[in-house]
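The values are calculated or read from the model by the stated rules, or taken from the named source; none is laboratory data. Just so it is clear, the structure is predicted and the values come from calculations on it, not from any experiment. As a convention, Cβ positions derive from the backbone with ideal geometry for all residues, glycine included, and neighbour counts pool all protein chains shown. Heads up: the accessible areas ignore ligands, DNA and RNA and are worked out on the full protein's heavy atoms, side chains in. Shrake-Rupley method; radii C 1.70, N 1.55, O 1.52, S 1.80 Å.
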Amino acid sequence: VQRTINGMSELAKLQGGLRWGVCVVSIGDSPCFVWRKETRQVLEVTSASHEGHNRDMRDSGGCLGANVGDEPDLGNLTCSFALLAEGDIVFVTSDGISDNFDPVTLLEGTTEPTTHMHSASPSVSRPVLTPDQRQAALLANLTHIIQSIRSQFENEPIHAWEVKEALIKHVIDVTNSQRTCMESSLKAVDNPELNTVERRAKEIELKEKLKTMGGKLDHATV
């Protein structure tokens, strides 16, 4: 252990003041990020958990509870490490936060070509993104939101609570259309005067309408 600590100390000298480290053990879909004070950029510490393939929002990748018989699912167990400098901000998010910076969720891109038969918005053509392009866009969106905290006063430090507020506000904003649509449409679906066929038609109509709106309604914690 001491040898490792000494090695980190020497590496920190080479890295220009990176004096600390963050180690993250992850099995699910809650990523960890670092806001670099020096470069004013965001990097994902846990990127190895999905490197080379697209995130699947229907599969968290792992589970602490009983999932493989009576055992947890550790198929995506990763241990990630990043060096830190003074003023860097480390933040962990649920997928209800991080997915709302994903270009696919925001309808800014897609992982496969859309066809008129299956596209909810056939008139809108979205670029097909590779996993690396998708990840780069997610980090760029995160960076943009955090940079906007100090858009007029770049030399002033950004505080952790400000990052939290900015991320939550972004999620509320991008999911507003979906939330408003669901609140109004569910009242129509729950109309007791509708028969089964009419109610099912309303549900399908709501589902198709939601496909045209960016954002993801989910548990949001940072």
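When the chain is treated as a GNM with alpha-carbon contacts under 10 Å, the residue of 186, 129, 43 showing the greatest mean-square fluctuation is 186. Of the residues 49, 30, 60, the one that moves most in a GNM of the chain with alpha-carbon contacts below 10 Å is 60.
Note that the chain presents 62 Å² accessible area per residue, ligands and nucleic acids not counted, probe 1.4 Å. With respect to the chain, whose longest principal axis is taken over its alpha-carbon atoms, helix 196-210 is tilted by about 40°.
The angle separating the long axis of helix 176-189 from the principal Cα axis of greatest extent in the chain is about 30 degrees. For residue 156 and residue 53, the FRET efficiency from 1/(1 + (r/R0)^6), where r spans their Cβ atoms and R0 equals 35 Å, is about 0.35. Surface composition of the chain: carbon and sulfur atoms hold 54% of the protein heavy-atom accessible area at a 1.4 Å probe.
In this structure residue 198 has an accessible area near 80 Å², from a 1.4 Å probe over the protein heavy atoms. If you take the square roots of the eigenvalues of the alpha-carbon gyration tensor of the stretch 124-207 and sort them as a ≥ b ≥ c, do you get rounded (a/c under 1.5), prolate (a/b over b/c) or oblate? It is oblate, given that a/c is not under 1.5 and a/b is not larger than b/c.
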